[in-house]
Amino acid sequence: TQAQQVFNAVRAPDTASTTGTIFKGTITLTPTPDTLLYVTYSEGFRPGLLNRPGGAVAPGNSGFVVPFEVETDEVKNYEFGWKLDLIDGQFRFNGSAFFVDISNLQTQIFDPSITNLFFSSNAANAEIYGVEADFVIAPYAVPGLTIAGAFSILDTEITEVLIPTNDVL
């Protein structure tokens, strides 16, 4: 095991770098002065990084070796949203429904059976479906009164586990 770790360390990269292009686009529609509808597509990422305990080997026959370099993770977001001013401006209701596709999700893992340090890994692919909204009510009939609230409903799922440990649920 120690010889394997030394061999792995000799091959370790000394830099982590990322290049690429991300896109964002939005189309809006304003059917009335008090209504705005939009559709957005956007992308995002977190750049890769180096792992301090890179080369550590998981016990058993899983074949997992802590990576020296963690790859960039990527996000694609598809969103439909609205901004509404109703009842002569006394009620504002904003919200969106969205789908997020995550590839190569970076996460921190602490598994003392592998190493006594936290390490990073591209642990999974995942999806998020969600709806979120907020509202503000400021009735003219009661000057100074404002009622506000918000909600968020999320359905998250790991679609594929990328590392052979029991640390990703």
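The values are calculated or read from the model by the stated rules, or taken from the named source; none is laboratory data. A quick note: this is a predicted structure, and the numbers were derived from the prediction, not measured. Counting neighbours? That spans all protein chains shown, and the Cβs are built from the backbone with ideal geometry, glycine included. Surface areas here come from the heavy atoms of the whole protein model, side chains and all, with no ligands, DNA or RNA. Shrake-Rupley method; radii C 1.70, N 1.55, O 1.52, S 1.80 Å.
Every condition in (1) open to solvent by 50 Å² or more (accessible area, probe 1.4 Å); (2) touching a strand residue (DSSP E or B) at 6+ places or on another chain (Cβ under 6 Å) holds for residue 81 except the one numbered (1). In the range 114-155, how many are surrounded by fewer than 11 Cβ atoms within 10 Å (Cβ to Cβ) and either among the β-branched types (Val, Ile, Thr) or under 27 Å from residue 59 (Cβ atoms) (or both)? The number of residues fulfilling the criteria is 4.
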